[in-house]
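Where a number appears in this text, it was derived from the coordinates with a stated rule and is not lab data. In this text, all values refer to a predicted model and were calculated from it rather than measured experimentally. Cβ placement follows ideal geometry from the backbone for every residue including glycine, while neighbour counts extend to all protein chains displayed.
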Amino acid sequence: MQASSASKSPAPWEVWLAYVRFADHPDVGKVRPVVIIDERAAAIVVAKVTTAEPQEHFSYCELADWEREGLLKPSRVQIVPLFQVPESDLLNGEPIGVLTERDRRALSLALAPGEGA
């Protein structure tokens with residue numbers, strides 16, 4: 001899939017739509033919301049946002065303010081594993097939302113070494 005290049009530079013805690021490639025099939029993927037974790041790397045480090053039921057082998061952080069953050073359904077951030085996406089795979093040229101201070105704190109704690117779900 002050829003994604004459009006982002007026109008606004010992504011920043012931490014923003015929620016973007018991105019084309020996320022499957023790890024086991026990099027030529028295949030799907031469009032999904034992601035939270036920007038670190039935009040300074042060669043590829044942007046993101047955490048996938050999901051509405052799926054939690055799975056034991058992943059770690060998550062629930063988003064309390066999902067509606068205010070531009071999401072359509074109650075959602076959680078999958079914090080393990082994190083992913084890298086090229087900026088060109090961020091869609092629409094702007095974020096769909098930004099995490100609230102409450103969700104930023106919760107996600108920061110979940111991402112901290114020795115902390116989290």
Relative contact order (percent, whole number), the chain, Cα cutoff 8 Å, 6+ residue spacing: 33 percent
Fraction in percent of alpha-carbon pairs per bin - 5 Å, the chain: 2, 12, 23, 26, 21, 12, 4, 0
Under Karplus coefficients 6.51, -1.76 and 1.60, residue-wise ³J(HN,Hα) of region 76-82 in Hz, glycine/proline x: 9, 9, 7, 8, 9, x, 7
Phi to ³J(HN,Hα) by Karplus 6.51 cos²θ - 1.76 cosθ + 1.60 over region 38-45, Hz, x for Gly, Pro: 9, 9, 8, 6, 4, 10, 6, 8
Cα centre as origin, Lys/Arg/Asp/Glu Cβ charges: the chain dipole, Debye: 100 debye
Spin-label pair Glu62/Ser108, simplified geometry with 7 Å Cα→Cβ offset, distance in nm: 2.1 nm
Estimated 222 nm signal from helices in the chain, with DSSP H stretches of n ≥ 4 weighted -39500 (n - 2.57), rounded to 500: -3000 deg cm²/dmol
Separation between Cα centres of region 82-108 and region 7-56, rounded to whole Å: 7 Å
